[in-house]
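Worksheet for the structure shown next.
Each value in this text was obtained by applying a stated rule to the coordinates, not by laboratory testing. It should be emphasised that the depicted structure is a prediction, and the values quoted were computed from it without experimental measurement. Here the Cβ positions follow ideal geometry from the backbone for every residue, glycine too, while neighbour counts run over all protein chains shown.
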Amino acid sequence: MSQISDDAAQQVELERAQVSVIGELFDERLAGARAQLGRVLASRADSAGEVYEREVAAGRLAGEVRRLEGAEGGLVFGRIDLADGTELRIGRLGLQRDEDELPVLVDWRAEAARPFYEATPVHPMGLRRRRHLSMTGRTVVGVSDELLDGSAPRTGDVVGDGPLAAALQARRTGRMGTAVATLQAEQDAIVRSPHRGVTVVQGGPGTGKTVVALHRAAYVLYAFPRAAERGVLVLGPNARFLDYISQVLPSLGENDVVLATCEELAGVVPGAVDGFDAARLKGGAVLADALAEVIRSQQAPGGEFTVRVGQEWVRLEEWEVAEARKAAQASGLAHNPARRLFRESLVDALTDALARGMAETLERIDAEVAQLTGVDLDRLAARDLRNLGIDDAPATGAEEFDADAVRAALLDDPHVDRAVEDHWPRLVPGDVVSALLSDADALAVHLPQLTADELALVLRTPGAPWSDADVPLLDEAASLVDGPPEQVFGHVVVDEAQELTAMQWRMIVRRCPGRSMTLVGDFAQAGPATAARDWNEALAPHVGRRFDLRTLTVSYRTTQEILATTGELLSRIAPGQPPVRSIRHGDAPRAVATAPERLVPDLVRELRAQAAAHPGELLGVVCADGRTEELAAAGVERYARLVPASEARGLEFDEAVVVDPEGIVAARPAGERDLYVALTRATKRLCTVTVHTVHPAGV
Ligand SMILES: Nc1ncnc2c1ncn2[C@@H]1O[C@H](COP(=O)(O)OP(=O)(O)OP(=O)(O)O)[C@@H](O)[C@H]1O
């Protein structure tokens with residue numbers, strides 16, 4: 001016993017010495033990067049070009065400083081010993097003194113680190129031993145080894161509980177932490193997958209989908225430089241969720257990932273929330289077709305084109321306008337940029353018409369002069385020019401017409417622009433959406449698939465604030481009117497991806513031209529706006545079946561006891577979906593019954609008791625959306641995070657108290673799925689508070 005602890009203490013000392021060497025090198029690098037940044041910022045820049053160059057260099061160095069600072073906590077967390085005696089230490093970034101030497105620290109994303117995550121006794125991948133280091137700040141406080149090659153423990157091996165158990169037992173803080181030291185083999189295989197296209201990760205609650213998605217983002221930045229250059233976007237369902245995951249990537253040294261909701265991506269702040277049915281209808285892809293039709297109906301729908309040029313009116317025939325429309329539409333450009341082509345084609349046609357008109361006028365004048373004077377002006381002019389030695393002189397007035405100058409003048413002519421506006425108006429995305437949603441006739445024409453009741457649901461009061469379900473429509477209209485979004489990404493990670501409507505998928509895919517995406521979610525947890533039933537249905541319009549589907553099977557959050565109580569519910573909301581297995585055990589879920597008028601005091605008493613019994617733990621209260629105000633007013637937030645069921649996806653607490661499960665089910669369509677989400681948020685304990693009206697005896 002004492003031999004083992006002596007061994008452990010000795011190994012801790014040994015690791016401390018090594019880690020302090022790594023720490024010194026890290027400090028050198030960080031100090032070097034800071035000093036270089038300081039020098040660049042203080043350097044002189046005289047010309048605009050030099051200022052620009054200085055800014056670029058400073059931006060790059062500031063990014064490097066942030067990257068190093070981010071990786072400082074928990075810099076080293078593991079070590080692998082190969083069968084040939086080579087030892088490698090694994091950490092949040094790579095450090096090497098000399099190119100010819102082995103790295104002092106191997107970046108967890110490097111290929112050399114793969115066995116740290118994926119080696120098993122069956123496939124040891126050349127390892128004899130895997131070691132996890134427990135750290136307090138920069139000090140090693142414990143080591144724990146796994147022997148992988150079947151050899152017996154030797155002096156110096158400290159075989160014990162793995163770090164996963166410790167990570168899972170740790171109290172929740174309300175912010176997700178990194179799992180870089182404890183990624184499990186099935187998770188790591190997805191994080192490190194060489195597949196650059198679309199990877200879909202499904203799995204029940206707590207199986208680490210978010211963990212995988214975020215570590216995948218960090219891996220993409222490391223391993224796929226071309227995607228990294230264009231940036232990585234992580235999309236989440238709401239601000240509360242983004243806040244929950246916000247620390248993970250910075251703690252992996254990655255600060256340049258954009259975290260956003262769909263609303264933030266579109267740059268629209270909605271001022272209203274649609275009813276569930278309206279939101280579901282507005283999420284349908286038919287809306288995209290309807291918007292495209294509304295815009296097309298504004299593109300030279302017919303009629304001739306007349307414009308005043310100087311003192312004259314010039315007219316183009318209907319077919320000439322139709323040709324210009326065809327050319328503009330065939331360009332594939334969005335409406336406003338295509339308007340330029342339309343105008344240019346019309347200006348070409350106008351220039352031709354003017355040239356023809358001028359030639360006709362000159363011919364008429366010549367003929368009139370010849371008739372009056374008997375002199376043929378053309379022949380006279382030609383003879384004069386021959387006398388001057390110029391033989392191939394222009395013979396007619398039309399050839400003196402300066403088409404380029406006329407064309408340029410017409411392109412600048414406000415009369416022409418005004419006339420073009422009547423045929424191909426400049427559009428504003430919001431007006432296009434209004435033109436469809438605020439006009440009952442337009443809705444009926446462009447959405448013939450919808451019933452009268454459905455049309456009434458999506459009809460919008462003119463001037464009303466935009467709703468959350470309008471956001472993807474505004475984004476769609478913007479892309480049809482002005483062209484693709486300016487900011488696109490090399491890789492897009494979508495968490496809780498089951499929540500997306502067809503219109504939201506369109507806005508996301510639009511921002512990822514390379515179709516390199518990691519999509520994670522669970523259709524058993526889908527909310528009321530989701531119309532797709534599975535990944536094929538959701539993704540077919542964008543990538544067909546070209547996606548790599550992975551399934552996670554082990555829950556690291558929800559205890560076996562809690563999962564057992566949700567089995568029946570799961571079989572109702574997702575028939576055929578196998579329940580996940582949990583590696584955690586905890587207390588059996590408790591149920592508290594109360595009457596409506598007793599709910600608040602009983603809940604507060606329960607929370608107070610739990611807070612006292614488990615100090616420092618994170619309590620979460622999940623309730624139907626309509627109840628949050630009442631519970632907040634009762635002071636529930638003194639003891640717990642208060643979360644409406646619609647925003648609970650992805651979150652986690654040590655203990656979850658689910659208030660009025662029946663109320664949650666009744667509050668929204670697909671309410672049973674909201675309840676399933678609520679019941680699977682706890683890492684340790686679950687308490688349900690049921691509310692029953694007690695009828696007087698005999699009633
Ligand atoms: N390899 C791991 N090491 C340590 N903790 C882990 C690991 N994998 C998952 N966890 C923890 O398990 C919990 C659940 O993980 P996560 O939130 O990623 O699951 P999820 O599948 O996204 O859940 P949900 O379906 O509810 O959104 C988190 O606390 C996470 O930190």
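If you average the alpha carbon positions of the stretch 155-187 and of the stretch 41-91, how far apart do those two centres end up, in angstrom?
26 Å
Starting with the highest mean, order 404-415, 336-347 by the number of other Cβ atoms within 10 Å, averaged over the residues of each peptide.
336-347, 404-415
Rounded to the nearest 0.05, what FRET efficiency is calculated for Asp439 and Ala285 with R0 set to 25 Å and r the Cβ-Cβ distance?
Rounded to the nearest 0.05, the efficiency is 0.75.
Please report how far the C-alpha centroid of the stretch 290-340 lies from that of the stretch 539-568, rounded to the nearest whole angstrom.
51 Å
Based on the alpha-carbon gyration tensor of the stretch 19-164 and its eigenvalue square roots a ≥ b ≥ c, which shape applies: rounded if a/c is under 1.5, prolate if not and a/b is larger than b/c, or oblate?
Verdict is prolate for the stretch 19-164.
Please give the peptides 437-443, 489-495 ranked by average Cβ packing (other Cβ atoms within 10 Å per residue), highest first, as a rough proxy for protection.
Result, highest mean first: 489-495, 437-443.
For Met517, list long-range residues whose amide hydrogen, built 1.01 Å from N in the peptide plane, is under 5 Å from its own amide hydrogen.
Val198, Thr199, Val492
Under 5 Å between amide H atoms, partner at least 5 residues away or on a different chain: which partners does Val621 have, H built in plane at 1.01 Å?
Here Arg641, Leu642, Val643, Val657 satisfy the definition.
Please grab the % of Cα pairs in the chain that end up more than 46 Å from each other.
Of all Cα-Cα distances in the chain, 40 percent exceed 46 Å.
In what sequence, highest mean first, do 547-555, 470-478, 106-114, 450-458 appear when ranked by Cβ atoms within 10 angstrom?
470-478, 106-114, 547-555, 450-458
Give me the percent relative contact order of the stretch 86-164, please, defined on Cα pairs under 8 angstrom at least 6 residues apart.
Reported as a whole number, the value is 19 percent.
Can you list the residues, at least 5 places off or on another chain, whose amide H is less than 5 Å from the amide H of Val234, using H built in the peptide plane?
Amide H neighbours of Val234, under 5 Å, 5+ apart: Val258, Leu259, Ala260, Val493.
For the chain, what does the relative contact order come out to in percent, with C-alpha contacts under 8 Å and a separation of six or more?
Contact order relative to length: 14 percent.
Relative to the present Cα-Cα distance, how much length would full extension add between Arg515 and Glu630 at 0.36 nm per residue of separation?
Additional length available on full extension: 36.9 nm.
At q = 0.12 Å⁻¹, work out log10 I(q)/I(0) for the stretch 67-149 with the Debye formula, treating every Cα as an identical point scatterer and leaving solvent out; two decimals please.
Relative scattering, expressed as log10 I(q)/I(0), comes to -0.34.
Are there DSSP H segments in the chain that both extend 30 Å or more along their axis (alpha-carbon positions) and score a mean Kyte-Doolittle hydropathy of at least -1.0? List them, or say none.
Membrane-span-like by this criterion, though nothing is claimed about a membrane: 2-42, 48-71, 335-373.
Rounded to the nearest 0.05, what FRET efficiency is calculated for Tyr52 and Gln10 with R0 set to 41 Å and r the Cβ-Cβ distance?
It comes to 0.15.
How far apart, in nm, are two points set 7 Å out from the Cα along the Cα-to-Cβ line at Glu264 and at Gln560?
My value for the distance between the label points is 3.9 nm.
Using helices alone, I'd like the mean residue ellipticity at 222 nm for the chain: each DSSP H run of four-plus residues gives -39500 (n - 2.57), total over residue count, nearest 500.
Value at 222 nm, helices only: -14500 deg cm²/dmol.
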